[in-house]
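Colleague: Have a look at this one before I ask anything.
Coordinate-derived values only; no laboratory data. Worth saying up front: this structure is predicted, and the values here are computed from it rather than measured. Glycine gets a Cβ as well: all are built from the backbone with ideal geometry, and neighbour counts include every protein chain shown.
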Amino acid sequence: LLVVGEGPGAEEDRRGEPFVGRAGQLLDAMLAAIGHDRARNTYIANVVKCRPPNNRDPLPEEVEACRPFLDAQIEALQPRLILAVGRVAAQRLLNTDEPLSRLRGRSHHYGPAAVPVWVSYHPAYLLRAPREKAKAWEDLKRVHALLNAADQSPKDGDGAGD
Ligand code: URA
């Protein structure tokens, strides 16, 4: 699983690691609920690799400048699924201006390898709007199911294809 967020905040910038502040702690807890953690089966990255001044949203051209790095990460990791968290990550990954509400709940694909993409809320938003956590939980359950379905495909050795 590859989780893709927006860009480093202050704490991330200081430590050189994505999602290590309060939002990152919530993200870790959400991932743990579906049996995922960074040490074993999940990588976390951002669409931009540097912190935009004053925490503003990264500009589309800043995302494009960082895209070769994200694409190299995806190429190296070969994730089975990308979970895009938040509007900025989702819109820039999917090259659309559709609102998050319309991007959630349906499958998308990214890049030449057509990696499946699922869209959910940003954990920083969930900290501000805890009532939305129920919907985020629906998204996570779907991510879990999609990854399990991939596990059970014939090429992974259920006997059908070998
Ligand atoms: N928010 C993000 O989108 N990415 C981080 O790494 C931290 C906070």
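Colleague: Calculate the dipole size of the range 1-90 relative to its Cα centre from +1 charges on Lys and Arg beta carbons and -1 charges on Asp and Glu beta carbons; express the result in debye to the nearest 20. Mind showing how you got there, number by number?
Modeller: Working: 11 positive and 13 negative charges, 47 e Å.
That gives the range 1-90 a dipole magnitude of about 220 debye.
Colleague: Express in nm, to one decimal, how much length is gained between Arg80 and Arg22 on full extension, taking 0.36 nm for each residue of separation and deducting their alpha carbon distance.
Modeller: Values: separation 58, 0.36 × 58 = 20.88 nm, distance 2.68 nm.
18.2 nm is the gain from fully extending Arg80 to Arg22.
Colleague: Pop a pseudo-label 7 angstrom from the Cα along the beta-carbon direction at both Asn148 and Asp57 and give the gap in nm to one decimal.
Modeller: Inter-label distance under the simple model: 3.5 nm.
Colleague: I've got another one for you. Under the definition of Cα pairs under 8 Å and six or more residues apart, what whole-number percent is the relative contact order of the range 1-160? Spell out each step's value before the answer.
Modeller: On the way: 217 pairs, mean separation 40.1, N = 160.
Relative contact order, the range 1-160: 25 percent.
Colleague: Another one. Within the P(r) computed for the chain, what percentage of the Cα pairs occupies the region above 21 Å? Before the final figure, lay out the partial values.
Modeller: Working: 5803 of 13041 pairs.
So the pairs more than 21 Å apart make up 44 percent of the total in the chain.
Colleague: Counting only residues 5 or more places away or on other chains, whose amide H sits under 5 Å from the amide H of Val115 once H atoms are built in the peptide plane?
Modeller: Residues meeting the criterion, in which the H sits 1.01 Å from N, are Tyr110.
Colleague: Most fluctuating residue of Arg87, Arg102, Arg142 in a GNM of the chain with Cα springs under 10 Å: which is it?
Modeller: Comparing Arg87, Arg102, Arg142 in the GNM, the peak value goes to Arg102.
Colleague: Counting only residues 5 or more places away or on other chains, whose amide H sits under 5 Å from the amide H of Leu83 once H atoms are built in the peptide plane?
Modeller: Leu2, Val3, Val4, Trp118
Colleague: Determine Rg/Rh for the range 41-112; Rg is computed over alpha-carbon atoms and Rh is the Kirkwood hydrodynamic estimate from the same atoms. All intermediate terms of the calculation are to be shown ahead of the outcome.
Modeller: On the way: Rg = 12.3 Å, Rh = 13.1 Å.
Expressed as Rg/Rh, it is 0.94.
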